[in-house]
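Have a look at the structure below before the remarks.
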Amino acid sequence: MKRDAYAVIIAGGKGTRFWPLSTAERPKQLLKLLSAKSLLRETAERVAPLFGRRNIFVVTVEEHHRAIRSDIKTIPKANFLIEPEGKNTAPCIGLAALEIWAKDPRAVMVVLPSDHWIDGARRFARALGSAIELAARDDAVVTLGIRPSYPETGYGYILKARRTEGGSARMPVYGVRGFVEKPPRNKAAQFIRRGALWNSGIFIARAATLLEAIRRYAPAVARPLARIEAMTVGKSLGALPAKLRRALRREYRKMPNISIDYAVLEKAGAEGKVMTVEADFGWSDVGNWDALHRMLPKDRAGNAGPGRWVGFRSNNCLVYSPPHRLVALLGMQNAVVVDTPDALLVADMRRSQEVKDLLDELSRKGYGRYTAR
């Protein structure tokens, strides 16, 4: 990779759709869902050979900072940027862009979610390399789009425009004419027939290009960022003295809670200022129990999951059980059973997206303590 390229791992989310395994104190990115390593650690180890550990930044919220640092100890302490509070992705990515721009005004930053699954390390590296070259050459914002394999309703979709220069036969490059977030199944199938791509959540741009886009499309984010920049000149945002941390907190509180997609990418895409590389690596955002079930090895009846369990006359179920307890299924179809010391979830797998709504209901009924542990 280019020496002036940096990876920014966004690690502030909570992953509430993996309740009760994931809670406010144990966010999704720290879960070991697919291997003996957390999703966050897998992400950090995936990009370390490409960028070098000193060119990797991690943005997280204050309450998760200690656990995040403990999980990926090879990243320098000053490269952990701490949000005073969770404000969605536009403010935290803006904060990272300030830090990287101060290091190198020509730097390119690769923004990656911390909790996604990726298969095909070489194809992933080629896609990033192509996107970095495009971002540097054209001062463009470049997204990585994934060829869909089914009409997923929990993903965002990239609507392609004309094919542009760059890329290759296996990984062509297109303009972007729009984004659609979580369409219904019939619309998702329609988009796929028209060549739309899954939005991987990975995008690439010069730090300067991104800051300019925030100023243009999201002034409510840009104004506090400008004041943060003015008061931290010559200082690393990952190692501020207490007085400046308090000042940063005051400015951060003024920012809206908004994603980078809504704040910047959708608006820039509508003006023809976003490109997408049609990547060919395996990808999933591992967004809910249904998505996890798709990725795990299964028995002949389609049942899957770690722990001790038996599926008797049961099909297409996911069981997540602790090693000291046995879970037995009898005559179950499309079920999710997640057994933890704090709570037990039994759900229809086809309604995995609704777990977040379930947590709201638990809070309304006075059981909020079970979602915060």
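The values are calculated or read from the model by the stated rules, or taken from the named source; none is laboratory data. The shown structure was predicted, so the numbers you read here are calculated from the model rather than taken from an experiment. Cβ sites come from the backbone with ideal geometry, for glycine too, and all protein chains shown count toward neighbours. We work out accessible area using only protein heavy atoms, side chains counted, and drop any ligands, DNA or RNA first. Shrake-Rupley method; radii C 1.70, N 1.55, O 1.52, S 1.80 Å.
Overview of results
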{"quantity": "Estimated vicinal HN-Hα couplings, Hz - the range 67-83 in sequence order (Karplus 6.51, -1.76, 1.60; Gly, Pro = x)", "calculated": "5, 5, 5, 5, 7, 10, 6, 7, 7, x, 4, 5, 8, 9, 9, 9, 6"}
{"quantity": "Protein accessible area in the range 196-252, 1.4 Å probe - carbon and sulfur %", "calculated": "55"}
{"quantity": "Rule-of-thumb Rg ratio for the range 238-339 [Cα; 2.2 N^0.38 Å; N residues]", "calculated": "1.78"}
{"quantity": "Estimated vicinal HN-Hα couplings, Hz - the range 349-365 in sequence order (Karplus 6.51, -1.76, 1.60; Gly, Pro = x)", "calculated": "4, 5, 10, 4, 5, 8, 4, 4, 5, 4, 5, 4, 5, 4, 5, 4, 9"}
{"quantity": "Mean accessible surface per residue for the range 174-263, computed with a 1.4 Å probe while every protein chain stays in place, in Å²", "calculated": "51"}
{"quantity": "Stokes-Einstein translational diffusion, the range 49-182 - Kirkwood Rh over all Cα pairs, 1.567 mPa s, 4 °C, in µm²/s", "calculated": "76"}
{"quantity": "Counting DSSP beta bridges with both ends in the range 247-373, the antiparallel % (nearest 5)", "calculated": "35"}
{"quantity": "Rg to Rh, two decimals, where the chain supplies the alpha carbon set and Rh follows Kirkwood", "calculated": "0.97"}
{"quantity": "Full-extension gain in nm, E85 to D360, via 0.36 nm per residue minus C-alpha separation", "calculated": "97.0 nm"}
{"quantity": "Helix 89-103 vs. the chain, principal-axis angle (Cα, 0 to 90°, nearest 10)", "calculated": "40"}
{"quantity": "Potential lengthening between R106 and T153 on full extension [0.36 nm per residue; Cα-Cα distance subtracted]", "calculated": "13.2 nm"}
{"quantity": "Helix 121-138 axis, angle to the chain major axis (alpha carbon atoms, nearest 10°)", "calculated": "30"}
{"quantity": "Selected from R249, R26, R177 as most flexible by GNM, with the chain as the system and alpha-carbon contacts under 10 Å", "calculated": "R249"}
{"quantity": "Per-residue HN-Hα couplings for the range 283-300 [Karplus 6.51, -1.76, 1.60; θ = phi - 60°; Hz; x = Gly/Pro]", "calculated": "8, 8, 8, 6, x, 7, 5, 4, 4, 5, 4, 4, 9, 8, x, 10, 7, 5"}
{"quantity": "Size descriptor, Kirkwood hydrodynamic radius, that averages inverse alpha-carbon separations across the range 203-245, Å", "calculated": "11.6"}
{"quantity": "Pairwise Lys count, the range 220-353 - Cα closer than 23 Å, eight or more residues apart or different chains", "calculated": "4"}
{"quantity": "Angle between the chain longest axis and helix 207-217 axis [Cα atoms, degrees, rounded to 10]", "calculated": "80"}
{"quantity": "Exposure of H65 as accessible area (Å², to 10), given a probe of 1.4 Å and all protein chains", "calculated": "40"}
{"quantity": "The chain: relative contact order as a whole-number percent, Cα under 8 Å and 6+ apart", "calculated": "20"}
{"quantity": "Positive minus negative residues near E152 (Lys, Arg vs Asp, Glu; Cβ under 14 Å)", "calculated": "+4"}
{"quantity": "Rh (Kirkwood; distinct C-alpha pairs) - the range 173-254, Å", "calculated": "16.2"}
{"quantity": "Most mobile listed residue (A97, A268, A247) in the chain, GNM with C-alpha springs under 10 Å", "calculated": "A247"}
{"quantity": "Fraction of beta bridges assigned by DSSP in the range 39-188 that are antiparallel (%, nearest 5)", "calculated": "65"}
{"quantity": "Beta bridge orientation in the chain: antiparallel %, DSSP, nearest 5", "calculated": "50"}
{"quantity": "Within a Gaussian network of the chain (alpha carbon springs, distance under 10 Å), most fluctuating of V355, V142, V310", "calculated": "V310"}
